[in-house]
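**Q** Structure in structure tokens, see below.
Any read-out appearing in this document is the output of simple, stated calculations on the displayed coordinates, not a laboratory observation. None of these values were measured; they are calculated from a predicted model. Glycine also receives a Cβ, built like all others from the backbone with ideal geometry; neighbour counts cover every protein chain displayed.
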């Protein structure tokens with residue numbers, strides 16, 4: 001067995017065991033709750049021949065309430081393993097292990113093998129990511145698909161092969177059909193291509209850059225277009241999902257918060273637990289019963305009582321969202337910084353939210369301390385990453401795909417209601433930009449140590 005096979009094998013085994021560890025110790029993943037209810041129901045309907053529907057009973061009307069890739073994956077596994085949730089969990093442990101290999105490949109393109117291996121191992125044991133292995137959520141699959149897309153982009157830039165842009169477009173399309181938040185990433189990707197070829201050819205606009213963008217678009221469109229066409233035919237909406245405007249409304253309606261409520265929200269963005277301590281008696285969860293999520297829940301109940309379809313409800317949310325933004329544009333923009341704080345915190349290790357665990361540590365501040373540490377760590381990692389991105393020069397073009405991912409997700413979630421788990425897919429790229437200053441410090445330490453040794457001799 002050669003050295004590369006040993007490295008890849010060891011990373012895969014360690015990562016798979018990390019995922020299996022969370023499956024074993026976190027019973028919450030076996031419960032179908034929250035978003036998992038919808039994914040489970042759609043997968044079950046597909047399995048039983050009712051089509052892509054989230055309905056509980058006949059006539060099983062088609063839906064575009066969720067993106068298709070994850071429910072189809074679950075339904076396939078249910079078909080093979082008789083609706084076993086454990087089969088989904090084990091598959092996600094495998095996906096996590098494969099993602100760690102892809103992340104190692106990305107790091108290897110930027111650093112030597114030893115540093116890339118150290119970065120990959122740090123990523124493997126970063127607890128936020130493997131904690132999602134037991135749960136029927138899209139985040140893990142989406143993070144894996146996004147990593148494949150970034151790798152394809154980086155290889156396209158490194159080897160200057162146009163076919164890699166087609167692969168990147170396909171990866172971007174599949175990832176978009178897993179989580180529609182990526183739907184506008186094509187704009188950032190196209191800008192990166194033009195910047196790359198501008199640096200390479202020293203021309204503002206080159207034919208090869210235009211050709212690369214068209215190839216990227218063809219790969220992306222070949223995957224996304226059939227689903228968008230399906231939604232246009234059935235619902236009269238050329239879109240991927242209907243959830244966009246309800247999410248934007250959840251964010252926009254916060255412009256109505258009073259001064260006192262803004263203080264509450266600022267504390268809540270830093271810590272739900274701290275907000276519940278400072279303002280006892282309020283539910284600060286990110287559920288429909290949560291203090292800051294009640295307006296969207298109230299509207300959903302009202303639209304349901306009026307008998308509005310999902311498409312009609314989405315149009316209502318669109319109208320109200322645009323009205324709120326037009327009425328308070330400055331406040332809407334300023335509140336985006338609250339969302340960035342909330343987004344760039346990796347405190348949502350799902351095991352830490354287990355009710356039995358919370359009850360066991362109720363008399364101590366152990367869980368709160370861990371959540372606080374992870375939240376602070378996430379914010380520090382984000383700040384360092386942005387500082388490194390702003391300071392480096394010679395890496396700007398070869399590392400453009402990773403830079404684009406970080407800038408894109410922060411830009412999008414600046415305008416949306418965010419929760420910490422949405423940042424999970426960009427953690428590998430924050431770590432990438434942490435490796436660079438760590439390498440510089442390490443190299444200087446080694447150089448200083450060697451100089452001191454020579455001086456002693």
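**Q** Separation of segment 210-261 and segment 104-127 by C-alpha centroid, Å?
**A** 33
**Q** Follow-up. Taking Rh as the Kirkwood radius computed over C-alpha pairs, what is the Stokes-Einstein D of segment 36-101 at 4 °C in a medium of viscosity 1.567 mPa s, expressed in µm² per second?
**A** Details: Rh = 12.3 Å.
Diffusion coefficient, whole number: 105 µm²/s.
**Q** Report the full-extension gain for the segment residue 411 to residue 232: residue separation times 0.36 nm, less the Cα-Cα distance, to one decimal in nm.
**A** Values: separation 179, 0.36 × 179 = 64.44 nm, distance 2.78 nm.
Gain on stretching residue 411 to residue 232: 61.7 nm.
**Q** Another question about this same structure. Debye calculation, C-alpha points only, no solvent: report log10 I(q)/I(0) for segment 266-309 at q = 0.19, 0.20, 0.23 Å⁻¹, in the same order as the q values.
**A** Values, matching the q order: -0.59, -0.63, -0.73.
**Q** Hey, another quick one. Give me the angle, in degrees from 0 to 90, between the Cα long axis of helix 366-391 and the longest principal axis of the Cα atoms of the chain, rounded to the nearest 10.
**A** 60
**Q** Let me ask you something else. For the chain, find the longest principal axis of its Cα atoms and tell me its angle to the long axis of helix 427-456, 0 to 90°, nearest 10.
**A** Compared with the principal axis, the helix lies near 20 degrees.
**Q** Could you check the spin-label model distance between residue 163 and residue 279? Points 7 Å from the Cα along Cα→Cβ, value in nm.
**A** About 5.7 nm separates the two model spin labels.
**Q** Give me Rg over Rh for segment 154-236, both radii from the alpha carbons and Rh done the Kirkwood way, two decimal places. All intermediate terms of the calculation are to be shown ahead of the outcome.
**A** Numbers: Rg = 14.0 Å, Rh = 13.4 Å.
Over the Cα atoms of segment 154-236, Rg/Rh equals 1.05.
**Q** Per the Kirkwood treatment, what hydrodynamic radius in Å, one decimal, follows for segment 242-334 from the mean inverse distance over all distinct Cα pairs?
**A** Working: mean 1/r = 0.0709 Å⁻¹.
So the Kirkwood estimate lands at 14.1 Å.
**Q** Bin width 10 Å, origin at 0, all Cα-Cα pairs of segment 1-137: what percent of pairs per bin?
**A** All Cα pairs, binned at 10 Å, distribute as 12, 34, 27, 18, 7, 1 percent.
**Q** Based on the alpha-carbon gyration tensor of the chain and its eigenvalue square roots a ≥ b ≥ c, which shape applies: rounded if a/c is under 1.5, prolate if not and a/b is larger than b/c, or oblate? Don't skip to the end; give the middle numbers.
**A** On the way: a/c = 1.41, a/b = 1.26, b/c = 1.12.
Note, shape of the chain comes out rounded.
**Q** Applying 1/(1 + (r/R0)^6) with R0 = 51 Å to the Cβ-Cβ distance of residue 82 and residue 439, what FRET efficiency is obtained, to the nearest 0.05?
**A** On the way: r = 49 Å, r/R0 = 0.96.
According to the calculation, E is roughly 0.55.
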